[in-house]
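*Asks:* Quick one: the structure is below, and I'll ask about it shortly.
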Amino acid sequence: MQLIRPMSLPIHQINIKRGKAVIEEKQILEDFINKSKNIISLDGLEGVEHYLEHGEYEMSYEGLVIELYTTELYPTNFNFTEWKELGLTFGLDKESVFDEEFWDKFNKWGKAYTPKSR
């Protein structure tokens, strides 16, 4: 795969920027996992954390969302826009590993969310 870069940025700066983006993606994913820990199964959590530990962030995220949409539960302080942005970043709107209907199910689940009245 050939890297296409803007003429204004040297190759090492692009790699640094991409490395920073990966760190940010991992941090966002870890935050989502922490907000979901108390509502997903232990087996599901173990799978999500396994992929996270091995740098398979897309698979970790997909597994987390599947755990949530199959139980129709939502994590603490759920913001569908933030979750969707991370899914798009991981390319899950185009390709998924565990569920070929992932993106449709994810969108249906996310759009169905309504904050509980307090």
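*Asks:* Could you tell me which chymotrypsin sites (Phe, Trp or Tyr not before Pro) in region 48-116 are loop residues by DSSP with no more than 11 other beta carbons within 10 angstrom of their beta carbon?
*Replies:* Phe98
*Asks:* Oh, and also: What are the extents of the Cα atoms of region 21-111 along their three principal axes, in Å, largest first?
*Replies:* 28, 28, 24
*Asks:* Moving to a separate point now. Assuming R0 = 22 Å, what is the FRET efficiency of Asp31 and Lys108, from their Cβ-Cβ distance, to the nearest 0.05?
*Replies:* The pair Asp31/Lys108 has a calculated efficiency of 0.40.
No value in this document is a laboratory result; all are computed from the given coordinates. The structure displayed is predicted, hence computed values, not measured ones. Cβ atoms come from the backbone with ideal geometry, glycine included; neighbour counts cover every protein chain shown.
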